[in-house]
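The values are calculated or read from the model by the stated rules, or taken from the named source; none is laboratory data. Note that this is a predicted model, so its numbers are computed, not measured. Don't worry about glycine lacking a Cβ; one is built from the backbone with ideal geometry, like all the others, and counts go over all protein chains shown. Protein only, heavy atoms only, side chains kept; ligands, DNA and RNA dropped before computing areas. Shrake-Rupley method; radii C 1.70, N 1.55, O 1.52, S 1.80 Å.
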Amino acid sequence: MTDKFHNVIFSVFEYGDFETLTMVAKKLNEELVLNGKAGFDNNAISISDYYNPEIGCHLPEKFTCWKSALYPDKIFFISNFEDGWHTLCRVFQKKLKCPWAMFEMSDPKSRCSMNMFFYSKEPGTERTVMSYYDDTHWVFYDNGEPIEIEDLNYYKARFKRDRINKDIVIEYMRRLGIKFYDIDKDITDCLNFIRTQW
């Protein structure tokens, strides 16, 4: 994993059973696959293919789930959706009944700069902290009860862009036991989805 991106967003499920996640993913998309509009494979992937996701609806729609030997109790998820395919991740969490985290990081000079930390221990309980550039100014937003890994002093920074930035997001990952630059190393399982027709 490198940091040569304008934007990247991905999720982590605290769940170790890749076979069950695969079954859930295929069941959710069964009709699309049967109609020849989408498919799955287990080919090796490059996470950088998902850097800088496009804005809005577009084809192909893609996501990849994978496991690393470094993180046997976690499954990673990345898509080419600007919002990280938040709605699909929410469905996965509901089906798998596990904690779910989402991380977003951006180059502060990118057109749609956003840094975000999201955590949900269970469906219905959510914590979101983000800063983003809104055309002319920076906005800071947080919602939900802070969790133990957060440093609330960061959110007192004078400049809103500094209250949560790339370095803080990476720090929160580390506090959850995840090293950002290792997440695509020693991959043991992989599932790719691609939809090519509406």
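Where both bridge residues fall in the chain, DSSP classifies roughly 100% of the beta bridges as antiparallel. The Cα center of segment 1-43 and the Cα center of segment 119-198 differ in position by 20 Å. With a simple spin-label model that places each label point 7 Å from the Cα along the Cα-to-Cβ direction, the separation between L70 and D182 comes to 0.5 nm.
DSSP beta bridges confined to segment 1-95 are antiparallel in about 90 percent of cases.
In deg cm²/dmol and to the nearest 500, what is the mean residue ellipticity at 222 nm of the chain if only DSSP H runs of at least 4 residues count, each as -39500 (n - 2.57), divided by the residue total?
Computed mean residue ellipticity for the chain: -5500 deg cm²/dmol.
These residues, L21, L152, go from largest to smallest accessible area, 1.4 Å probe, as L152, L21. Subtracting the Cα-Cα distance of N153 and K97 from 0.36 nm times their residue separation leaves 17.0 nm of extension gain.
With a Cα cut-off of under 15 Å and a minimum spacing of 8 residues unless on different chains, the lysine pairs in segment 1-81 number 4.
Listed values (1) 93, 20, 11; (2) 28, 19, 16; (3) 41, 19, 13 include one computed from this model; for semi-axes √(5λ) of the Cα gyration tensor in Å that value carries the label (2). Cα gyration tensor of segment 34-123, axes a ≥ b ≥ c as square roots of the eigenvalues: rounded (a/c below 1.5), prolate (a/b > b/c) or oblate? Judged from the Cα gyration tensor, segment 34-123 comes out rounded (a/c under 1.5).
Residue order by solvent-accessible surface for C112, C98, C57 is C57, C112, C98, largest first, with ligands and nucleic acids left out and a 1.4 Å probe. Applying 1/(1 + (r/R0)^6) with R0 = 45 Å to the Cβ-Cβ distance of C112 and D17 gives a FRET efficiency near 0.80.
Non-local lysine pairs in segment 81-198, meaning eight or more places apart or on different chains, with alpha-carbon distances under 25 Å, amount to 13. Taking amide H atoms as placed 1.01 Å from N in the peptide plane, the amide H of D107 lies under 5 Å from those of N7, each 5 or more residues away in sequence or on another chain.
Each label point was placed 7 Å from the Cα along the Cα-to-Cβ direction; for H137 and N43 their separation is 4.7 nm. Averaging the sequence gap over all C-alpha pairs within less than 8 Å and six or more residues apart, then dividing by the number of residues, gives segment 1-149 a relative contact order of 26 percent. Does segment 1-61 come out rounded, prolate or oblate, given a ≥ b ≥ c as the square roots of the eigenvalues of its C-alpha gyration tensor, rounded meaning a/c under 1.5 and, failing that, prolate meaning a/b above b/c? Oblate is the answer for segment 1-61, as a/c is 1.5 or above yet b/c matches or exceeds a/b.
Within segment 116-198, the proportion of Cα pairs with more than 20 Å between them is 49 percent.
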